[in-house]
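Student: I'd like to ask you about the structure that follows.
The values are calculated or read from the model by the stated rules, or taken from the named source; none is laboratory data. Because the structure is predicted, anything quoted here is derived from the model rather than measured. Ideal geometry is used to build each Cβ from the backbone, glycine not excepted, and the neighbour counts take in all protein chains shown.
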Amino acid sequence: MFKRLLSVGGFTFLSRIAGFVQNIVMAAILGDGLLSDAYFVALRLPNSFRGIFAEGAFNVAFIPRYAALRTRDGDRAADSFADRVFSWQMAAQISLLVAALVFMPQIVAVMAPGFTAHPGQGAFAIDISRITFPYLILTVVAVQLSAMLNAHERFAAAAAWSIFLNLAIIGTLLYARWFSNAGYAASWGVLLAGVLQLIFIVWAAARAKIWLRLAWPRWSVQMKEFLLALGAATLGSASVQIGLFIDTIIASFLPAGVLTAINYADRINQLPLGTLGIALATVLLPEMSRRVAMNDRAGADAAQNNAAALGLFLTLPFAAAFILVPQTIMRALFAHGAFSIAAADVSATALAAYGVGLPAFVLVRVVAATFYARGDTATPVRATILAVVVNVGLKLILVWGFHLGAVGVALGTSFGSWANVSLLLWLALRRDLLTIESHFTRALPAIFLAAAATGAAALAGVWLGETYVHIAHYHKEMLLGAAILLAGIAYGLIALLLRRLLPLGRFGAKA
């Protein structure tokens, strides 16, 4: 299982690196202001609906049932189920696409009411949202094929297809002069990416002899069970996306450029979260589903405990760096071209606030697998709804009560994630569905020491750079390079010295 995690994590990491380059190119070309704020609203639409109806809800409702059918009844029964799911899904997505294109002015008005202060910005957001929204219907096909590939333990292609989004946007931005402005260029890049992703994943699935066949949607007992589970999971995913929508609404009332600054901070936060959190969830859910179906409680617990330990070991050092040296990170990465130093500093404050919640963002995916692997989508939904209430309430208090701006938005998200994972953990322990094993608790001192050493070394790198490097050009980049170098050495030394306490190389087995 550890090798599968490395495969998923490796391709996901490549995707995040491509996204990282895309963000740098976009910041330099698109800048921070009315144009970039409008683009991020247009991108939020398909991404949010994808989060609700695709990865966010679909995988947790589909993968356990598809995997169980393959285990009990064979490939033919599982494939028939997948075809029926696909037919219903496409009927729903076509209806959603038509409605969104027709009512886009009203949708944008709800999402970004602050844009009314700049009428041209609102009209531009409507135009490019109509370009980006069809990306959704292209990706939902890719998402189902990816889920089926994961259930067949073919993780590489399913992890790699998202790279095309970043490559396509980079390509269109580099040729922005061919478009009316850079915002249109990036938006057409999103739509192009959907086409490329679909072609790639259909090719990869065909190589694995996996196909989806479209037919007139038919009702069955299996579909009823799936749709009930999907409905419950959709409520949870929708709750998360409502929180993101509220982020956009709040940020639209803040000064121009703040919405963009928050988005770039979130993009950097997503680098470890998207790489590690998604990889852990992608590998862990089919593994736990299979073990639960075989009544292998010990194997499921071992996989989950090691996933949690590995997730903390890999993400806490990033959290330490985000909290301790955020300004160094954001200035070096984004303060170029049309993106100002002031905007980078606003992003830095948001990044530090996101760092507070980074471990919780990863642990939520690990703990939620306790319920999803058993076909229980309702419990995570309840926990998510509570987390969103905490999230939104804190944002309103922090942004408008304490006037914390971007920091308030990010802190609300972080505290909401801690509320989510805390409730899930309490419920899992109370129902005796999860066991915290000794090899997990034994790894914690090494994990925290690695994080502390990484943060301290990053601070030392910045101090050494400020003290001894006096080069005007690329000074920001050299500070970040020194911080990364020392932090990497410190982290590697701790990992080497305390490797016997860490879950490296034994992800799916007890210590």
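The rows are residues; the columns are (1) at pLDDT 90 or above; (2) surrounded by 22 or more Cβ atoms within 10 Å (Cβ to Cβ); (3) of a type outside the set (D, E, K, R); (4) touching a strand residue (DSSP E or B) at 6+ places or on another chain (Cβ under 6 Å).
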position	(1), (2), (3), (4)
424	yes, yes, yes, no
449	yes, no, yes, no
455	yes, yes, yes, no
459	yes, no, yes, no
467	no, no, yes, no
475	no, no, yes, no
484	yes, no, yes, no
492	yes, no, yes, no
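Student: So, of the residues in segment 153-187 that are over 26 Å from residue 36 (Cα atoms) and without any contact (Cβ under 8 Å) to a residue 60 or more places away in the chain, which turns out to be surrounded by the fewest Cβ atoms within 10 Å (Cβ to Cβ)?
Tutor: The selected residue is 154.
Student: Can you name the condition, by its number, that residue 157 falls short on among (1) within 27 Å of residue 29 (Cβ to Cβ); (2) in a helix (DSSP H, G or I)?
Tutor: (1)
Student: Is there any pair with a first residue in segment 443-461 that is farther than 24 Å from residue 308 by Cα and in the same structural domain as residue 495 (by TED's automatic domain parsing) and a second that is among the β-branched types (Val, Ile, Thr) and surrounded by fewer than 15 Cβ atoms within 10 Å (Cβ to Cβ) whose Cβ atoms are under 9 Å apart and which are 6 or more apart or on different chains, and what are they?
Tutor: 457/489
Student: For segment 387-424, how many residues are closer than 19 Å to residue 307 by Cβ and in contact (Cβ under 8 Å) with a residue 60 or more places away in the chain?
Tutor: 5
Student: Considering segment 68-82 alone, what residues qualify as being surrounded by fewer than 17 Cβ atoms within 10 Å (Cβ to Cβ) and of a type in the set (D, E, K, R)?
Tutor: 72, 73, 75, 76
Student: Inspect segment 401-419 for any residue being in the same structural domain as residue 326 (by TED's automatic domain parsing), closer than 24 Å to residue 301 by Cβ and either aliphatic (A, V, I, L, M) or within 20 Å of the chain's Cα centre (by Cα) (or both) and give the result as yes or no.
Tutor: yes
Student: Can you tell which of 49, 11 is surrounded by 24 or more Cβ atoms within 10 Å (Cβ to Cβ) and either at pLDDT 75 or above or touching a helix residue (DSSP H, G or I) at 6+ places or on another chain (Cβ under 6 Å) (or both)?
Tutor: 49 is the lone residue from the list that is surrounded by 24 or more Cβ atoms within 10 Å (Cβ to Cβ) and either at pLDDT 75 or above or touching a helix residue (DSSP H, G or I) at 6+ places or on another chain (Cβ under 6 Å) (or both).
Student: While we're on this one: Would you please name the residue that is nearest to residue 141 (Cα to Cα), looking only at residues in segment 179-222 that are assigned to a helix (DSSP H, G or I) and more than 28 Å from the chain's Cα centre (by Cα)?
Tutor: Ranking the candidates gives 222 first.
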